[in-house]
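The structure appears below as structure tokens.
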Amino acid sequence: MTTVERAVVGDRPRPGPDVILFVAMILLSGLGILMVYTASQSSLAAQGLDPTSSMVKQAVFAVAGLVLFLVGSVIDYRDLAGWSVIIYVATLGLLGFVLTTPAHAGTNRWIPIGPFQFQPSEFAKLAMIIAMAALLATVKEGGMRWRRLGFALAALAVPAALISFQPDLGTMLVFAFFALVMLFVSGTTFRQLLMLMGGALLGIVAVWRLDLLRDYQVKRIQGFFNQSTDLLGAGFHLDRSITAIGSGGLFGKGLLGGPLTNLSFVPVQSSDFIFTAVGEQLGLVGGALVLLIYGILLWRLLVIARNSRDRFGKLVTVGVASMLAFQVFVNVGMTMGIMPVTGLPLPLMSAGGSSFLMTALSLGVANSVWLRRTPVPGESFNA
């Protein structure tokens, strides 16, 4: 082999990581730590507690998330296809086990581990993306057979049913959205998609008519459709959220300068309603910049999917992108009254460890797809 040939082929290095994806993740994580501090410091101080405790805990999660991002990047994503059945069964085991734990605020979502709480349903999102990608990656170009479609839906229905018993309606909606997107990308026909959406609508009607929702879930939905009524009840969270965001104006009140944030005006502001802290303190401009960073993150995920060397990598990355896009839209939307209030966190920004760690690991797996988009000498290319 000549020097030129060796330079072109033999010495070709593996592609580098997606720097833009990594920087976007770091920016959102850093901003999340800052917003968690501003949203929690005054209430913690009023209770005689360390005002930085929530911020420190979120910073610990951020460091652990960085480690998981690196782990996800180092692992060859193609190995996950072979482990998909084990990942799926282990997920079902955790979702079943959490139902046996003591209820917290009327729900069974967390497994206590020392001072922290582990939420299996968060990691079930990534697990199901991997399992569905492995199942759908072998679909032929001619379209998806009904048998394969039914098998995929059945595989999704089992963990979704376990999550419904917790209950966790928000995670079930995330499952439905990324599953629909992955099925579309994998070759589902237009007719099949119409039947799926029709079946979903019938399911929603059945759930409502049979009174299968909890009282607080019904009140949240009613509060969304009647936002000007029951402001001390079903519409309480939404009314205060809209007020806080609106008070920020164009440029906001400045960091630690938001009176509503400092007075803990918005309930659970450091977690589900963290975007209200952004809106009041950084205003419309700051909120738009945050959404822009999320947009860049999602754009990179779609670029990675397009450049994936195989269908499995493409489906995994599309699943991660659709999962995060749905959560961002629903979380930000509920703070502004265009979506019902749910328990979905804002990825990388809301306080909480399980969501942050799952998101970081998911982005690491996507980065693994990017790192292996081009074969190096000695590797085969499986399209």
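Read-outs throughout are calculated quantities, based only on the coordinates presented, and are distinct from any laboratory measurement. Keep in mind it's a predicted model, so treat the numbers as computed, not measured. Cβ coordinates were reconstructed from backbone atoms using ideal geometry, including for glycine residues, and neighbour counts include every protein chain displayed.
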query: Of all the residues that make up region 301-342, how many are in a loop (DSSP other than H, G, I, E, B) and of a type in the set (Ser, Thr, Tyr)?
result: 2
- line: With the first residue restricted to region 307-321 and required to be under 17 Å from residue 123 (Cα atoms), and the second required to be of a type outside the set (A, V, I, L, M, F, W, C) and buried (at least 23 other Cβ atoms within 10 Å of the Cβ), Cβ contacts under 6 Å at 6 or more apart or on different chains are 320/362
message: Restricting to region 106-156, give me the number of residues that are part of a loop (DSSP other than H, G, I, E, B), of a type in the set (S, T, N, Q) and either within 28 Å of residue 193 (Cβ to Cβ) or free of Cβ contacts under 8 Å to residues at least 40 places away in the same chain (or both).
response: 1
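Given the options 115, 120, 159, name the one that is crowded, with 19+ Cβ neighbours inside 10 Å, under 22 Å from residue 65 (Cα atoms) and not small (Gly, Ala, Ser).
Values: 115 fails: crowded, with 19+ Cβ neighbours inside 10 Å; 159 fails: under 22 Å from residue 65 (Cα atoms).
Just a single option satisfies the conditions, and that option is 120.
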- request: Looking only at region 81-91, decide whether some residue is more than 30 Å from residue 164 (Cα to Cα), free of Cβ contacts under 8 Å to residues at least 40 places away in the same chain and part of a helix (DSSP H, G or I).
  value: no
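Before we move on, is residue 176 in a helix (DSSP H, G or I) and either surrounded by 21 or more Cβ atoms within 10 Å (Cβ to Cβ) or of a type in the set (S, T, N, Q) (or both)?
Values: in a helix (DSSP H, G or I): yes; either surrounded by 21 or more Cβ atoms within 10 Å (Cβ to Cβ) or of a type in the set (S, T, N, Q) (or both): no.
No; evaluated as a whole, the condition is false for this residue.
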